[in-house]
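K.L.:
Structure provided below as structure tokens; questions to follow.
The values are calculated or read from the model by the stated rules, or taken from the named source; none is laboratory data. Since the model is a prediction, treat every value here as computed from it, not as a measurement. Note that each Cβ is placed from the backbone with ideal geometry, even for glycine, and that neighbours are counted across all protein chains shown.
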Amino acid sequence: MPLEAGLLDILACPACHAPLEEQSEELVCTGQDCGLAYPVRDGIPVLLIDEARRPE
């Protein structure tokens, strides 16, 4: 489910403050050294570092 228009423009990675990119059911940090992937549950981004998936 795509996020509401303009939402990605104001969201940032809580860990490094880089912009986020929507990929499938996650928001992925675009920061070079970060890359955390945050889940989107029921259309709501869960921007908690403890809930994020580490890059592979």
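K.L.:
So which residues in the stretch 43-53 are in a loop (DSSP other than H, G, I, E, B) and at pLDDT below 95, if there are any at all?
P.N.:
Scanning the stretch 43-53 gives a single hit, GLY43.
K.L.:
How many residues are loosely packed, with under 14 Cβ neighbours inside 10 Å and among the aliphatic types (A, V, I, L, M) if we restrict to the stretch 8-45?
P.N.:
Adding up the residues that qualify gives 2.
K.L.:
Follow-up question, since we're still on this one. Within the stretch 1-42, track down each residue that is of a type in the set (D, E, K, R), in a strand (DSSP E or B) and over 15 Å from ARG54 (Cβ atoms).
P.N.:
The answer is GLU21, GLU22, ARG41.
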